[in-house]
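*Asks:* Let me give you the structure first, and then I'll get to my questions.
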Amino acid sequence: MKSAIGWWLPSLGSVPTQVIDLARIAGGAYLADRLSSRPSAFTRRLHLVVEVADPEPWEGDAIDQFAQLLFWLTGDTWELQLVQDPTTPNDPLAEASDAVDSVALLSGGLDSYLGALHLISTQSESPLFVGHYDSATAVRRAQNTVRSWLQETRTPPPSYTQIEFTQVAAKKESSSRSRSLLFVALGTAVAASRGASQLFVPENGFTSLNLPLHPNRAGALSTRSTHPETFYRVNTLLQSLGLSLVVTNPFAAYTKGEEMRLVADSHPANDWERIAGLTVSCSKLDGARIKGGNSTLNCGLCYACVTRRGAFIAAGVKDSTIYLSNELNGDARVKLLERRYSDRAAISYATTRGIDDDAIDAGTWPPGADLDEISELARRGLAELGQVDLT
């Protein structure tokens, strides 16, 4: 693996042992996920052994909750085995820092960028922002762009901690469905080191629902990262570990267009719109596989990109994003359209037919979920998708 965070997380300062172990297990799962080939039957059986600082907090329900959370996110069966770490911790490399009220994930995507703007303007104290990056150049570049702009235009400049964590060997699984859990674990570690009581994970509520757009197409598992059930399971796990931190999505009730309009209403048209166009939403980033393409550009035609484009239209905000679909011509553009056929067909079907309430009723939701509100949120989200030209 490649990371400067350290085995005992010394670069973050003083971190509780159960949080150190949370990061170790999530990091191990992330590496196992990326380095294990997925069979044609889709489901893998993965056995992961992790050395932990203190196995005791995990001996009750916590380890089973973690395994079930991994199953929920990845679709794989996980067997987690924890063994005592024989080493002793080094002294923290980072000096103790002032306590903060909250921490927010800032990934380089559009939702997290809008979340940063919203939280800075609505919280009495600006959150401490945390980013994770691996080998994706586009993501790292977007994070750096957002970080630089926020620190240059906000007084006082917000703090932004970027953490690298990736495998060294070439990945064998492209989806990285466990990445969201690693990101939350890293955010939890930063939050615990600073005494924060809240960890914000901004994502539009429509995408988070993970509803199937077509009867033959289940919701993309990657979007379960911010599903309401995921937040419920993560918070249950943190409670089992004796942590008082609460993980929440400030945009859970909003479509992507609605969250953008919320930010636009509190931020007069200025440079924030330009920076929005430089964020990364694309779930593919495979443009380099097409002659004349570019793997750092949002493709413009995958489900995530269409949701992004619909948000700008719905919010009435100028979209300055450079989309690969607008840059390619001739055979190259035809190739991109062919590669995105499944996404385009599913979106067209859903925007024409709608999402059946039976699919919502059959979904997995946390206790107390209002299915009528979920259905209405889905309707508004589909309306935004329907405004996008998919040709």
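*Asks:* Within the group 311, 346, 369, which residue is modelled with pLDDT under 95 and closer than 26 Å to residue 73 by Cα?
*Replies:* Sole residue among the options that is modelled with pLDDT under 95 and closer than 26 Å to residue 73 by Cα: 346.
*Asks:* Something else: When residues of the stretch 10-36 are filtered for being over 22 Å from the mean Cα position of the chain (by Cα) and either surrounded by 24 or more Cβ atoms within 10 Å (Cβ to Cβ) or over 17 Å from residue 65 (Cα atoms) (or both), how many remain?
*Replies:* Selection size over the stretch 10-36: 7.
*Asks:* Moving on. Looking for whichever is among the β-branched types (Val, Ile, Thr) and within 18 Å of the chain's Cα centre (by Cα) here; the options are 255, 236. Which one fits?
*Replies:* It is 255.
*Asks:* Quick one: in the stretch 129-159, which of the residues that are within 17 Å of the chain's Cα centre (by Cα) and not in a helix (DSSP H, G or I) is nearest to residue 272 (Cα to Cα)?
*Replies:* Ranking the candidates gives 129 first.
*Asks:* Oh, and also: State which residue pairs qualify: first residue in a helix (DSSP H, G or I) and inside the stretch 329-343, second residue surrounded by fewer than 17 Cβ atoms within 10 Å (Cβ to Cβ) and of a type outside the set (Ser, Thr, Tyr) in any location, beta carbons under 6 Å apart, and separation of 6 or more residues or different chains.
*Replies:* Taking only residues 6 or more apart or on different chains, the pairs are 332/291; 332/292.
*Asks:* Could you check the stretch 357-372 and list, in sequence order, the residues that are surrounded by 11 or more Cβ atoms within 10 Å (Cβ to Cβ) and in contact (Cβ under 8 Å) with a residue 40 or more places away in the chain?
*Replies:* Residues satisfying the conditions are 359, 360, 363, 364, 365, 366, 369.
*Asks:* Determine whether residue 196 is outside any helix (DSSP H, G or I) and either in contact with a Ser or Thr (Cβ under 8 Å, 6 or more places away or on another chain) or surrounded by fewer than 22 Cβ atoms within 10 Å (Cβ to Cβ) (or both).
*Replies:* Considered against the rule, which asks whether it is outside any helix (DSSP H, G or I) and either in contact with a Ser or Thr (Cβ under 8 Å, 6 or more places away or on another chain) or surrounded by fewer than 22 Cβ atoms within 10 Å (Cβ to Cβ) (or both), residue 196 comes out as yes.
Each row is one residue, and each column tells you yes or no for (1) under 17 Å from residue 233 (Cβ atoms); (2) within 28 Å of the chain's Cα centre (by Cα).
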| residue | (1), (2) |
| --- | --- |
| 64 | yes, yes |
| 79 | no, yes |
| 85 | no, no |
| 91 | no, no |
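*Asks:* Can you name the residue in the stretch 254-292 that is small (Gly, Ala, Ser) and crowded, with 22+ Cβ neighbours inside 10 Å and is also nearest to residue 117 (Cα to Cα) among such residues?
*Replies:* Selected residue: 276.
*Asks:* Is it the case that the stretch 324-331 has a residue that's of a type in the set (A, V, I, L, M), surrounded by fewer than 18 Cβ atoms within 10 Å (Cβ to Cβ) and either modelled with pLDDT under 95 or more than 24 Å from residue 376 (Cβ to Cβ) (or both)?
*Replies:* no
*Asks:* List, please: which pairs have Cβ atoms under 9 Å, are six or more places apart or on different chains, and start with a residue in the stretch 134-162 that is loosely packed, with under 15 Cβ neighbours inside 10 Å and end with one that is of a type in the set (Lys, Arg)?
*Replies:* Close Cβ pairs satisfying both conditions: 135/2; 135/171.
*Asks:* Give me the residue from the stretch 1-27 that is among the charged types (D, E, K, R) and part of a helix (DSSP H, G or I) and, out of that set, nearest to residue 52 (Cα to Cα).
*Replies:* Taking the candidates together, the pick is 21.
*Asks:* Within the stretch 234-251, which residues are crowded, with 18+ Cβ neighbours inside 10 Å and more than 13 Å from residue 114 (Cα to Cα)?
*Replies:* Listed by number, the residues that qualify are 234, 237, 238, 240, 241, 243, 245, 247.
*Asks:* Name every residue in the stretch 283-298 that is more than 14 Å from residue 174 (Cα to Cα), within 23 Å of the chain's Cα centre (by Cα) and part of a loop (DSSP other than H, G, I, E, B), in order of residue number.
*Replies:* Of everything in the stretch 283-298, those that are more than 14 Å from residue 174 (Cα to Cα), within 23 Å of the chain's Cα centre (by Cα) and part of a loop (DSSP other than H, G, I, E, B) turn out to be 294, 295, 296, 297.
*Asks:* For the stretch 56-85, name all the residues that are assigned to a loop (DSSP other than H, G, I, E, B) and either free of Cβ contacts under 8 Å to residues at least 12 places away in the same chain or crowded, with 16+ Cβ neighbours inside 10 Å (or both).
*Replies:* Answer for the stretch 56-85, where residues must be assigned to a loop (DSSP other than H, G, I, E, B) and either free of Cβ contacts under 8 Å to residues at least 12 places away in the same chain or crowded, with 16+ Cβ neighbours inside 10 Å (or both): 59, 75, 76, 85.
*Asks:* In addition: Just to check your reading of the model, which residue among 129, 206 is aromatic (Phe, Trp, Tyr), touching a residue at least 60 places away in the same chain (Cβ under 8 Å) and surrounded by 17 or more Cβ atoms within 10 Å (Cβ to Cβ)?
*Replies:* Result: 206 is the single residue among 129, 206 that is aromatic (Phe, Trp, Tyr), touching a residue at least 60 places away in the same chain (Cβ under 8 Å) and surrounded by 17 or more Cβ atoms within 10 Å (Cβ to Cβ).
*Asks:* Criterion first (among the β-branched types (Val, Ile, Thr), modelled with pLDDT of 95 or more and over 24 Å from residue 99 (Cα atoms)) does residue 230 satisfy it?
*Replies:* Yes: the conditions hold for residue 230.
*Asks:* Name the residues in the stretch 163-175 that are surrounded by 17 or more Cβ atoms within 10 Å (Cβ to Cβ) and part of a loop (DSSP other than H, G, I, E, B), would you?
*Replies:* 165, 167, 171, 173
The values are calculated or read from the model by the stated rules, or taken from the named source; none is laboratory data. Source: prediction; values computed, not measured. With ideal geometry, Cβ positions are generated from the backbone for all residues, glycine too; neighbour counts draw on all protein chains shown.
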